[in-house]
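Peer 1: Quick one: this structure, given as structure tokens, is what I'll be asking you about.
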Amino acid sequence: MFQLKVNPVTGKSEWIVIEEDEESSVVVDLATTCYLDMLNDAPRNSAYLHAIHSTLLLFSNNHSPLHVLDIGSGTGLLSMMAARSMSHHHSSKGFVTACESYLPMFKLMNKVLRANHMNTTIRVFNKRSDELQVGHHIPSRAHVLVSEILDSELLGEGLIPTLQHAHDCLLVENYKTVPYKATTYAQLVESTYLWKLHDLFNNEANAADGIHLVPKGKETILRVKPQQLAMHCDAIGEEIRLLSEPFKVFEFDFSKRPDSHGETQVHIKATNDGTVHAVISWWVLQLDYEGLIYYSTAPKWVTPLQNNGLPSSYSCIRYWCDHWKQCVWFSKGKGLLVRKDENVCMNAIHTDISISYEFQSQSQRSEVDGHDLSPQLLSVTLSPERIAIYGDNNWRLSMLKAIDYALKEKDSPLCVVADDSVFLTIMVAHLSKKSRTIALFPGLREKGSKYLEAVADENGYSMDRVQVINSKKQLTLDDTQQKKADLLIAEPFYFGSEGMLPWQSLQFWSRRTMLDSILSEDVCIMPCKGILKGCAMSLPDLWRSRRALENIEGFDHSMVNSTLGACGGLSSSLEIPCLPFFIWQCGETKKLSDTCTILEFDFLKPMTSCHGKATVEFVDTGVCHGFALWIDWVILSTNNIVMSTGPDQRYWKQGIKLLAEPFKVTKNIPGICSAVLEASFDSSSGELSVKYN
């Protein structure tokens, strides 16, 4: 088997061969998926078990063999549920067909089936469902379809195309499905935090640095992709003001062939005066035909009665989980002003993979400054967190101070921007009219060049002073017209790597090393240092969602734990990988220690392997589940300008190293309640390993 591996610091990809028995080789690959989190979702598992049982009972009088098809089988849990239910309640011999297209998971599923003695009962295909053919792969069409190809938005994993093909080619005429139906709901909300995640134009208007990343008339030249954003909205519940009751948007009946396109107009009564910054949405599954078994992804503030009058037996209490969240759709510009009891008209549209919303009157209101770009103009899409950072006045001011200091006493400086920061590129050109800037833009590339050209006039520079050079080729003095660089700068930010582990931005150190021959003796390097920091955390929700699996509804899953990077009850020799999370979205959290410095990376020198360790003293009482890890970037040591990406900062993900087993700690017992964190950075592979004692 081949697996694509990316070197974290060089950004280069290479294919590596994984032998059949090298289970540990795919740990990190599968650990970063949602499989473990999903399998630890007990309410989900229970709901599917009971729904599959009740659905197959409808076929108890069938004379022909019952055929169940499981699409996107994962570990085979739903297939095993169906096979066991058939063996208990069907006199005629039935059979289960399972298909899983992801090869590592297909191999893992075979291990699970063998361990549960079901490898001869369930026939498994390493194929997409639309590759299956009746009469070739399977002997007949299926009577029942079981599947869990749902994402936080509901449709993003290709649910509709999958159901369409199954309806046309793989299922009998009067088939049944588990789940049976899904309904999407939404609510209008006001939230300054959500507004800052998308409206760069109006946030930038408050900045005093003279930089216009999104000039007037080009408001969406840097923007968030116009789609729903999955987010744990409970985490910002106190910062959300509800402007409506929950309302129903779409209903999808899985027992019928779904349409690829649907539109509906929803009339919503505003319950408060305010500004609609976003639409928060979720879905409710009806898993069984009778309508007795439900599962909801609603935020905690929504009661079952608000979900269109669900039966009293339905409970919206569920574990924190990361595989299904709520979704956020941003309202344009500053938002939509509403008055209490006003009727708000909203259009909702679904395609075969997404759902979108638009307020009918928003584009007509003078309070809204959002404008659509003409099709011919460039649009660069960034993550919501990156948009918020670029709109943050304090962040911009700190960067301005650092750049301004670095440019002092430098006549006609040559600056190399070693990352994808359009902000720093524009700022240098804006502040120094005699400067020349070379931007490497390893991720943005040509799109970054076109963007700089599009906003040049509004920022007071000409493109003869700014050049984008493909960073894939080695930069030489020929590219710099034989002049050595006076400044080498980065935020650092690499387009496309958002959401990865914090130290993957050490790609800056690798690029600084490759550029060593073109740097002047007194070059100013920003950031000049990276500091790996950490603290002990209580993370009960996250740890539970990633704990080792044993028995799931009667099926042994213990053999998947090491491959999925589980914690708890495993051999101490097995490494639990560091994983990237927004800690503030990890459910219940508590900081148990002061912040410690583990390792420093000196960017003034070429990249080298390094090692460091620190003692963590606990300062609060609680249960320690792991350590939060992040990098503080020292932009300029002389001015003590430091950009932290720690747990107190919402716009960056932290690395989390979960413990094999959590332990209780008590504050104020020196030397007894402490831990040692060690980190080793390998410059050849770009890997950072973290161990604790």
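The values are calculated or read from the model by the stated rules, or taken from the named source; none is laboratory data. These figures come from a predicted structure and were not determined experimentally. So basically every Cβ, Gly included, is an ideal-geometry build from the backbone, and we count neighbours across all protein chains shown.
Peer 1: How many residues are part of a loop (DSSP other than H, G, I, E, B) and in contact (Cβ under 8 Å) with a residue 12 or more places away in the chain when one looks only at segment 566-616?
Peer 2: 24
Peer 1: With the structure loaded, tell me whether Lys434 is part of a loop (DSSP other than H, G, I, E, B), without any contact (Cβ under 8 Å) to a residue 60 or more places away in the chain and on the phi < 0 side of the Ramachandran plot or whether it fails that test.
Peer 2: yes
Peer 1: Consider Thr563 carefully, then state whether it is part of a helix (DSSP H, G or I) and either out of contact with any helix residue (DSSP H, G or I) (no Cβ under 6 Å at 6 or more places or on another chain) or buried (at least 17 other Cβ atoms within 10 Å of the Cβ) (or both).
Peer 2: yes
Peer 1: Tell me yes or no: at least one residue of segment 470-482 is assigned to a helix (DSSP H, G or I) and either buried (at least 20 other Cβ atoms within 10 Å of the Cβ) or in the same structural domain as Leu431 (by TED's automatic domain parsing) (or both).
Peer 2: Narrowing segment 470-482 to residues assigned to a helix (DSSP H, G or I): none.
Within segment 470-482 (the criterion being assigned to a helix (DSSP H, G or I) and either buried (at least 20 other Cβ atoms within 10 Å of the Cβ) or in the same structural domain as Leu431 (by TED's automatic domain parsing) (or both)), the answer is no, since none of the residues qualifies.
Peer 1: For segment 190-305, list the strands (runs of 3 or more DSSP E) that sit wholly inside it and hold at least 3 residues that are in contact (Cβ under 8 Å) with a residue 60 or more places away in the chain and surrounded by 22 or more Cβ atoms within 10 Å (Cβ to Cβ); which are they?
Peer 2: 278-286
Peer 1: Here is a further query. Whether any residue in segment 47-68 is closer than 27 Å to His165 by Cβ, modelled with pLDDT of 95 or more and in a strand (DSSP E or B) is what I want to check.
Peer 2: Taking every residue of segment 47-68 in turn, at least one turns out to be closer than 27 Å to His165 by Cβ, modelled with pLDDT of 95 or more and in a strand (DSSP E or B).
Peer 1: Let me ask you something else. Restricting attention to segment 630-657, report how many residues are of a type outside the set (D, E, K, R) and part of a strand (DSSP E or B).
Peer 2: As a first pass, look at segment 630-657 and keep what is of a type outside the set (D, E, K, R): 630-631, 633-647, 649, 651-652, 654-656.
Checking which are part of a strand (DSSP E or B) leaves us with 630-631, 633-636, 641-643, 654-656.
Adding up the residues that qualify gives 12.
Peer 1: Turning to a different aspect of this structure: Please enumerate the residues belonging to segment 329-357 that are in contact with a strand residue (DSSP E or B) (Cβ under 7 Å, 6 or more places away or on another chain) and at positive phi.
Peer 2: Selection gives Gly335, Asp341.
Peer 1: Exactly one condition in (1) modelled with pLDDT of 95 or more; (2) under 15 Å from Met526 (Cβ atoms); (3) surrounded by 22 or more Cβ atoms within 10 Å (Cβ to Cβ) is not met by Ser432; state its number.
Peer 2: (1)
Peer 1: Then there's this: Could you check Val124 against (1) in contact with a Gly (Cβ under 8 Å, 6 or more places away or on another chain); (2) part of a loop (DSSP other than H, G, I, E, B) and say which number it fails?
Peer 2: The single condition Val124 does not satisfy is (2).
One line per residue, one yes/no per condition, for (1) modelled with pLDDT of 95 or more; (2) touching a Leu at 6+ places or on another chain (Cβ under 6 Å); (3) surrounded by 21 or more Cβ atoms within 10 Å (Cβ to Cβ); (4) of a type in the set (Val, Ile, Thr):
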| site | (1), (2), (3), (4) |
| --- | --- |
| Ala82 | yes, no, yes, no |
| Thr97 | yes, yes, yes, yes |
| Val112 | yes, no, yes, yes |
| Lys127 | yes, no, no, no |
| Asp151 | yes, no, no, no |
| Pro161 | yes, no, no, no |
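Peer 1: Something else now. Consider Tyr390 against the criteria (1) among the aromatic types (Phe, Trp, Tyr); (2) within 26 Å of Glu498 (Cβ to Cβ); (3) modelled with pLDDT under 95: it satisfies all of them except one. Which criterion is unmet?
Peer 2: (3)
Peer 1: Sticking with this one: Residues in segment 577-589: is at least one at pLDDT 95 or above, among the small types (Gly, Ala, Ser) and either surrounded by fewer than 23 Cβ atoms within 10 Å (Cβ to Cβ) or assigned by TED's automatic domain parsing to the domain that holds Asp234 (or both)?
Peer 2: Scanning segment 577-589 turns up at least one residue that is at pLDDT 95 or above, among the small types (Gly, Ala, Ser) and either surrounded by fewer than 23 Cβ atoms within 10 Å (Cβ to Cβ) or assigned by TED's automatic domain parsing to the domain that holds Asp234 (or both).
Peer 1: Six or more apart or on different chains, Cβ under 8 Å: which pairs go from a residue in segment 662-687 that's modelled with pLDDT of 95 or more to one that's surrounded by 12 or more Cβ atoms within 10 Å (Cβ to Cβ) and of a type in the set (Asp, Glu)? Could you list them?
Peer 2: Listed pairs, sorted by first residue: Phe681/Glu687.
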